[in-house]
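One structure is given here, and the rest of the page talks about it.
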Amino acid sequence: MGEDRARVICYSLLLALVFLGIWQASVAGNKPGKGLPGPVAVAQTAAEMLANPFYNNGPNDKGIGLQFLSSLGRLAIGYIAASVVAVFLGVFLGLSPTLYRAVNPYVQILKPISPLAWMPLFLYTIQDSGSAAVLVIFMSSLWPTLANTAFGVASIRKDYLNVAAILQLSWWRRLVTVILPGAAPAVVAGLRISIGSAWVAIVAAEMLIGGTGVGYFVWNEWNNLQLTSVIFAILAIRLIGVLLDAGLGRLSRKLAYAD
Amino acid sequence: MAFLEIDHVSKTFPAPDGRGHVTVFRDVAFGLAEGEFLTMVGHSGCGKSTLLNIIAGLEQPSAGGVVLEGREIVGPGIDRMVVFQNFALMPWLSVFENVRVAVRAARPTWSTAQIAAWVQRYVDMVGLTGAEKKRPAALSGGMRQRVGLARAFSTEPKVPLLDEPFAQIDALTRGVIQDELVRMWTASRNTVFMVTHDVDEAILLSDRIALMTAGPDVRLAEIIEVKIPRPRTRAELIDDPEYLRLRTHILHFLMEVGRRSPVQDELAATTGRTATLKR
């Protein structure tokens, strides 16, 4: 098992080295400032940006750390609000098959709409680009959690609900001792899908609204033709995405139960 | 009026083909005196578990009703805690927590320390000391049902309802847990309603045994009294002439009602399936 793992890591690192080598070789002939930058140039930029991630020289010149913090702040507000609403609604839908069937067509219609398509409506109605971006995050992380919670609650074994009924547990006690723990694996699976799509949406939303955030940073660096910064930002965005997913992955292992 | 009165209860389901109704059982009427242990024995599909669910308040009778201490049962309640055939322990809670949920619900005014002490008492009583922090998935079937019994009896229900509690437990363990149930019941002297198809189990535990005919359209055939003095042990029962007489009587009865035409058998099988699904 351990040997297997070591071999997997070896192969992965080897693949990365081969990729970086080809990349570096293919841009070797380019003059500085022309064509795509190579990995060495990107690494230099990364080192520079990471040396001082939190500087603030006015609206168009902030450190990468500040950009990520402002994106993560938006993500947190929109995602947490959406998750609370989705879990709450999902519990109701999951407990009532009638309600579920009545609401399901609307969920199916709303779910596939790109969250960014709401942006103009949000901008028009609330007249504030920052809040509009948060609402886009809200819309992007609502549906997976809602659908998964409803499914998870509906699939809780009838016996557990019968026990709760016999014990005459209050609505709240029933929720926290039976319904939420019973549906938890499905809920967390939904939360995990949601945070992925929210992180994807925030970058695009920030490109549109401007100001701060990692999406705006990428667009701004493109306008400055700083491709090394763009490439570094792409890698950093992916890294944060992986960390967010891993965090929820740990949570899901903790809440899993064997029947 | 008896302590627990089953008053001419009938249960029908809509027929699978959508036309009319299938009667599971009809006009079942008997009473349990306070402190009495009554067991219902019948073929699978005779609706005995359905009747237990009706007493629990989890299902509604199609006609008739159930009266406990002079009040009609309209829904589930903690005074009629069920021990389930498939245990129905919350898999995300530990042994201790599974029992604690019930005690906390039964004794809302108690302090946390009081509740914990009470839970520990019942966990010890069923021999699970040391396994308090384990989840049900880590336990054998026998140990799980011990938790089920501790959970039910720790709430001191007026009428514990036992729904084939030992059906999924291997024969050797079954005997040990039956002895534990006898001990717990002797201490509490609750009124108990149990459903089983294990004749020996019924005789060992019961004051009276209700026999159901085979399905469809099941009736209560007879109620026989078990006059073997308590305390009873399985070892002593084997040689008791009264035990042998009752056992033969019940087995003959079950074989008699089981001897039906193939058409009836098929009907019984289909309604039986409907009844189990509804459970």
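The values are calculated or read from the model by the stated rules, or taken from the named source; none is laboratory data. Every value quoted in this text rests on a predicted model; they were computed, and no experiment measured them. Positions of Cβ are backbone-derived with ideal geometry, glycine not excepted, and every protein chain shown enters the neighbour counts.
Against the criterion of being aliphatic (A, V, I, L, M), at pLDDT 90 or above, in a strand (DSSP E or B) and buried (at least 17 other Cβ atoms within 10 Å of the Cβ), B:Ile209 qualifies.
Looking only at residues in the stretch A:166-209 that are more than 30 Å from A:Val136 (Cβ to Cβ) and among the small types (Gly, Ala, Ser), the one that is surrounded by the fewest Cβ atoms within 10 Å (Cβ to Cβ) is A:Ser170.
All conditions in (1) at pLDDT below 90; (2) assigned to a loop (DSSP other than H, G, I, E, B) hold for B:Ala187, with the sole exception of (2).
Applying a threshold of 8 Å to beta carbon distances and a minimum spacing of six or more residues, or different chains, the list of pairs starting in the stretch B:25-48 at a residue that is at pLDDT below 90 and ending at one that is of a type in the set (S, T, N, Q) reads B:Gly42/B:Thr213; B:Ser44/B:Thr276; B:Gly45/B:Thr271; B:Gly45/B:Thr276; B:Cys46/B:Thr213. Scanning the stretch B:80-94 for residues that are under 14 Å from A:Val176 (Cα atoms) and more than 7 Å from chain A (Cβ to nearest Cβ) yields a single hit, B:Leu93. For B:Leu220, the stated conditions hold: it is aliphatic (A, V, I, L, M), over 27 Å from B:Val176 (Cα atoms), out of contact with any helix residue (DSSP H, G or I) (no Cβ under 7 Å at 6 or more places or on another chain) and modelled with pLDDT of 85 or more. For B:Val119, the conditions (1) among the β-branched types (Val, Ile, Thr); (2) away from chain A (no Cβ under 11 Å); (3) surrounded by 18 or more Cβ atoms within 10 Å (Cβ to Cβ); (4) within 22 Å of the chain's Cα centre (by Cα) all hold with the exception of (4). Residue check: A:Ala165 meets all listed conditions (1) free of Cβ contacts under 8 Å to residues at least 40 places away in the same chain; (2) away from chain B (no Cβ under 14 Å) but one, namely (2). Looking only at residues in the stretch B:128-183 that are within 14 Å of chain A (Cβ to nearest Cβ), part of a helix (DSSP H, G or I) and not hydrophobic (A, V, I, L, M, F, W, C), the one that is farthest from the chain's Cα centre (by Cα) is B:Pro136.
Considering each of A:Glu206, A:Glu221 in turn, give the residue that is touching a residue at least 60 places away in the same chain (Cβ under 8 Å) and not β-branched (Val, Ile, Thr). So that I can check it myself, show each step before the final result.
Details: A:Glu221 fails: touching a residue at least 60 places away in the same chain (Cβ under 8 Å).
Result of the check over A:Glu206, A:Glu221: A:Glu206.
With respect to the conditions (1) within 14 Å of chain A (Cβ to nearest Cβ); (2) within 21 Å of B:Phe193 (Cα to Cα); (3) not basic (Lys, Arg), B:Glu97 lacks only one, and its number is (2).
Take A:Ala256 and decide whether it is surrounded by 17 or more Cβ atoms within 10 Å (Cβ to Cβ), within 14 Å of chain B (Cβ to nearest Cβ) and touching a residue at least 40 places away in the same chain (Cβ under 8 Å). No, not satisfied.
Got at least one residue in the stretch A:30-40 being surrounded by 12 or more Cβ atoms within 10 Å (Cβ to Cβ) and either among the hydroxyl-bearing types (Ser, Thr, Tyr) or under 21 Å from the mean Cα position of the chain (by Cα) (or both)?
Looking only at the stretch A:30-40, we keep the residues that are surrounded by 12 or more Cβ atoms within 10 Å (Cβ to Cβ), and these are A:30, A:35-40.
After this cut, where a residue has to be either among the hydroxyl-bearing types (Ser, Thr, Tyr) or under 21 Å from the mean Cα position of the chain (by Cα) (or both) as well, the list is none.
No, the conditions are met nowhere in the stretch A:30-40.
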